[in-house]
Amino acid sequence: MRMNTVAALIMGSILLAGCESTTGPGGDVGPDGRLYVPNQADSTMYVYDTRTMVRVDSFPIPIAEPHMVEFSHDMAYYYVVGRQPAGRLLKYQASNDSVIATVQVPGAVFPTSLVISHNNDTLYLTDFTLGAGHTHRYDVSGTNFLWRDSILQAGYQTHDIRISPDGRYVVSAGFSSDDITILDLVTGNVQPLTIDSARSGFNPVSNVYGPYGVLIDRNGTRAILACSKGVDQLRIIDLVNLTILDSIVIPVSNTGNADRNGPTYMVISPDNNIVFVTNFLDNTVSVVRLSTREVLTTIPFETPRPFGIAMSEDGSRVYVSCTNIRPARGRVYVIDADKYTKIDSVEVGSEPFGLVWMPL
């Protein structure tokens, strides 16, 4: 049940008294906003006031393994995807956190990530199965929530999908086939692109790079791929000319060829230059300067397995969800984006993978 305003204020006071959250050294407050944290293992949503990092709401999510959450661009609705074969999607009314629609993913699709078009009428969904990958499209205009069609793509096991700031490109990464698929919403073209110019073809192979997370820069011209296999790199792609621009090695101590060993998810600063990237099994976040292609620092975490990452609109705070190891509860850390230091943390539910920051 959703807490009312009075109850939320009372709960906030209790949590502060119990030292669930400080507000950083010197009592610093964060930007006005809300942080939504779905907890996969216990199917709950926690909501935090990011000025104080006090939990102001919590409620059950009525699907199995809620993995990622995404808001529409008009902030009227948000969507939650359940990470399991033939999983389910939920559509929420953002004003009162109520479920207004649910759909079953068609077939044996293994959904993990989603994005919404800038006109708020289409949802694009990934497919993390080993078979030939598809991007699934849903009509989400108004209160609708209907499967529309599927776009065949070259990638296998697409885990993440992003849309460019101008709304033109939808980019998804093929983890098992070391490629990406670029959907141009202006021309309608679907373009596969291998992320290693020395390789050709798009059949599933023993992957070398394992592109797992996708970031599109604020100009909408470059895609950055978090390659989480043994190479542990960020690969930079020119979306306009469809070329590989560069790669940046991310140093991780947990070496080897394990899935999600290194780079996993990313956010980028408002000046389009500093990238924060989670390294899931290395228990760190790397801070990378794109202009010089260097790793500025590495931030360690006491609670293991940093995965999801979000940034406030003003770029002052970065939020990292550490899933921990079940049955232990997860934790969300707050990073000062200018000083690259942890300034706060709060305990959340079990296995918080995705999270999203939204302005008030």
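Derivation of every value follows stated rules applied to the coordinates shown; laboratory data play no part. Just so we're clear, the structure is a prediction, and the values are computed from it rather than from any experiment. For neighbour counting, all protein chains shown are included, and Cβ atoms are generated from backbone atoms with ideal geometry for every residue, glycine included.
Some values worked out for this structure:
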item: Spatially proximal aspartates and glutamates relative to K339 (Cα-Cα < 14 Å; intrachain offsets below 8 disregarded); result: D28
item: The chain: Cα Rg divided by the 2.2 N^0.38 Å rule of thumb; result: 0.93
item: Stretch gain in nm, segment A328-W147, where the contour uses 0.36 nm per residue and the Cα spacing is subtracted; result: 61.5 nm
item: By average C-beta atoms within 10 angstrom, highest first, the peptides 78-85, 55-62; result: 78-85, 55-62
item: Those aspartates and glutamates that a straight Cα-Cα span of less than 12 Å connects to K91, excepting residues fewer than 8 apart in one chain; result: E70, D139
item: Cα-based shape type of segment 217-360, given that a ≥ b ≥ c are square roots of the gyration tensor eigenvalues and the cut on a/c is 1.5; result: oblate
item: Range in the chain, longest, excluding exposed GluC sites (Glu not before Pro) [loop by DSSP; at most 14 other beta-carbon atoms within 10 Å]; result: 1-301
